[in-house]
1. So in the range 94-109, with the set limited to residues that are among the hydrophobic types (A, V, I, L, M, F, W, C), in contact with a helix residue (DSSP H, G or I) (Cβ under 8 Å, 6 or more places away or on another chain) and at pLDDT 85 or above, which one is surrounded by the fewest Cβ atoms within 10 Å (Cβ to Cβ)?
2. Quick check: anything in the range 53-75 closer than 13 Å to Asn15 by Cα and of a type outside the set (A, V, I, L, M, F, W, C)?
3. Between a first residue in the range 64-85 that is more than 13 Å from Phe99 (Cβ to Cβ) and a second residue that is in a helix (DSSP H, G or I) and of a type outside the set (D, E, K, R), which pairs have beta carbons less than 6 Å apart while being 6 or more apart in sequence or on different chains?
4. For the range 60-78, check the following and say yes or no: at least one residue is charged (D, E, K, R) and on the phi > 0 side of the Ramachandran plot.
5. In the range 63-90, which residues are modelled with pLDDT of 85 or more, outside any helix (DSSP H, G or I) and either within 12 Å of Ile115 (Cβ to Cβ) or touching a helix residue (DSSP H, G or I) at 6+ places or on another chain (Cβ under 9 Å) (or both)?
6. Is it true that some residue in the range 82-93 is of a type in the set (D, E, K, R) and surrounded by fewer than 17 Cβ atoms within 10 Å (Cβ to Cβ)?
7. Taking Val44 as the residue in question, decide whether it is modelled with pLDDT under 90, over 25 Å from Asn2 (Cα atoms) and assigned to a helix (DSSP H, G or I).
8. Scanning the range 1-52 for residues that are loosely packed, with under 15 Cβ neighbours inside 10 Å and small (Gly, Ala, Ser), which turns out nearest to Lys117 (Cα to Cα)?
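The values are calculated or read from the model by the stated rules, or taken from the named source; none is laboratory data. Worth saying up front: this structure is predicted, and the values here are computed from it rather than measured. When we count neighbours, we look across all protein chains shown, and the Cβ atoms used for this are built from the backbone with ideal geometry, even at glycine.
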Amino acid sequence: MNRLFIKYLSVGVLNTLLHWVVFAWLVYREEYDQATANLYAFSVAVTFSFFANAYMTFQKKPTTVRYIGFVAFMGALSYALGCFADRINLPPILTLGTFSATSLVVGFFYSKLIIFKDIKK
């Protein structure tokens, strides 16, 4: 397997754990509703993922434009898959698993080919 993908996968595992821990803390400890907790947990996890991948995986300078591009794309992917799952009545655990797998692969190629691509002048 590609070393770059292995690094991205490692960040992805940490990112997923972070998302789940923040979500569980907010729901079970702070008594937030699931929608709000998931939004906050996603925000924390996607921010961690962006900076960790910028520095460790792609070794590129994180910029505001790159950050916005990454967060907007991953948020749109999350929402689109959630809408599709609602439409076909997919159980939540399968939605989570589907999003995790899809975002790993699609997010890797999006990051590599667009967000952290070397710009030739």
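1. Residue satisfying both the conditions and the ranking: Val106.
2. Looking through the range 53-75, at least one residue is closer than 13 Å to Asn15 by Cα and of a type outside the set (A, V, I, L, M, F, W, C).
3. What qualifies is Arg66/Ile115; Tyr67/Phe50; Gly69/Ile115; Phe70/Phe50; Phe70/Ile115; Val71/Val46; Phe73/Tyr110.
4. No, the conditions are met nowhere in the range 60-78.
5. Of everything in the range 63-90, just one residue is modelled with pLDDT of 85 or more, outside any helix (DSSP H, G or I) and either within 12 Å of Ile115 (Cβ to Cβ) or touching a helix residue (DSSP H, G or I) at 6+ places or on another chain (Cβ under 9 Å) (or both), namely Thr63.
6. Yes - at least one qualifying residue is present in the range 82-93.
7. no
8. Selected residue: Ser10.
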